[in-house]
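**Q** Below you'll find the structure I mean.
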Amino acid sequence: MRSSCARPTTRVRVALAALTLALAAADTGDDATKALDAVQKRYDSVQDLRASFAQTSFSAALGKESEAHGTVVVKRPGKMRWEYGKPDGRVIVLDGSAIRIWSPEEKQLQIAPLSGQNVSPTALGFLMGQTVLRDSFEAKPVSEPGRSERGLLLRPKGDAGFESLTLWLDAKSFQLRESVVVDLFGNRTRVRFDGIVENAGVDAATFEFAAPPGADVIDLR
């Protein structure tokens, strides 16, 4: 049975939330607007990055959590590769014009155009380097008992594709620690990053992906 094309939109939204955090390293202070401007400045200075990640996803419908890990590589504008480790094995590649999602369990490759119809407008704007944070989000500082990291809660102003994005930054270095995305159905995706390397250059072949022989290819372009 062929799976729904809804997954590219969800995965890309999470990827863009993670990208925002991976590029953010600034003092949030007490002024949320200044915090957004600082994050924007940091984001604009990074042309490529790579990092490892650990992801925890909570399904509101099932009341269950699942865990995954892997690596992410980004090159602005418009290119990204998320590669999940075993036993998951999924690969998500954005090449600037299309989204490719490889599912080894289903032996299926989904391809969809990179457009506002398949990706939330806010997420697409980040990926293409066109989004201005203060224009797209309402922000406020947040904290959690026993947590030393600084938090910033972002709610989209005009994008109905997700509920919120929370950024957690190291209290001293303001290095990225974690992102939390909540969608409109209460599903939550938490991503923590490690080993971030910025502006070291990325091979163009990183953002290519061809279906293995015998794979089921669903091309929606």
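Any read-out appearing in this document is the output of simple, stated calculations on the displayed coordinates, not a laboratory observation. Computed from a predicted model, the values in this text were never measured in an experiment. Ideal geometry is used to build each Cβ from the backbone, glycine not excepted, and the neighbour counts take in all protein chains shown.
**Q** Please give the length that would be gained between Val142 and Glu105 if that part of the chain were fully extended, namely 0.36 nm times their separation in residues minus their C-alpha to C-alpha distance (nm, one decimal).
**A** 9.4 nm
**Q** If you don't mind, another one. Using a 7 Å offset from the Cα along the Cα-to-Cβ direction at both Glu198 and Asp37, what is the distance between the two label points in nm, to one decimal?
**A** Once both label points are built, they end up 1.9 nm from each other.
**Q** Provide the net charge surrounding Ala211, with neighbours chosen by a C-beta distance below 13 Å and charges set as Lys +1, Arg +1, Asp -1, Glu -1.
**A** -2
**Q** In the neighborhood of Val74, defined by Cβ-to-Cβ distances under 11 Å, what is the net charge if each Lys or Arg adds +1 and each Asp or Glu adds -1?
**A** Value of the local net charge: +3.
**Q** Extension gain Ser59-Val132, at 0.36 nm per residue separation less the Cα-Cα distance, in nm?
**A** Length difference between fully extended and current span is 23.2 nm.
**Q** Residue separation times 0.36 nm, minus the C-alpha to C-alpha distance between Phe185 and Thr71: what's the value?
**A** Working it through step by step, the gained length comes to 38.4 nm.
**Q** Rank-order 83-91, 104-112 by packing density, defined as the average count of other C-beta atoms within 10 Å over each peptide's residues, highest first.
**A** 104-112, 83-91
**Q** Dipole magnitude of region 173-221 about its Cα centre, charges +1 at Lys/Arg Cβ and -1 at Asp/Glu Cβ only, in debye to the nearest 20?
**A** Dipole of region 173-221, to the nearest 20 debye: 300 debye.
**Q** Also, I was wondering about something else. So who's got an amide H within less than 5 Å of the one on Arg90, skipping anything under 5 residues away but keeping other chains? H placed 1.01 Å off N, in plane.
**A** Tyr84
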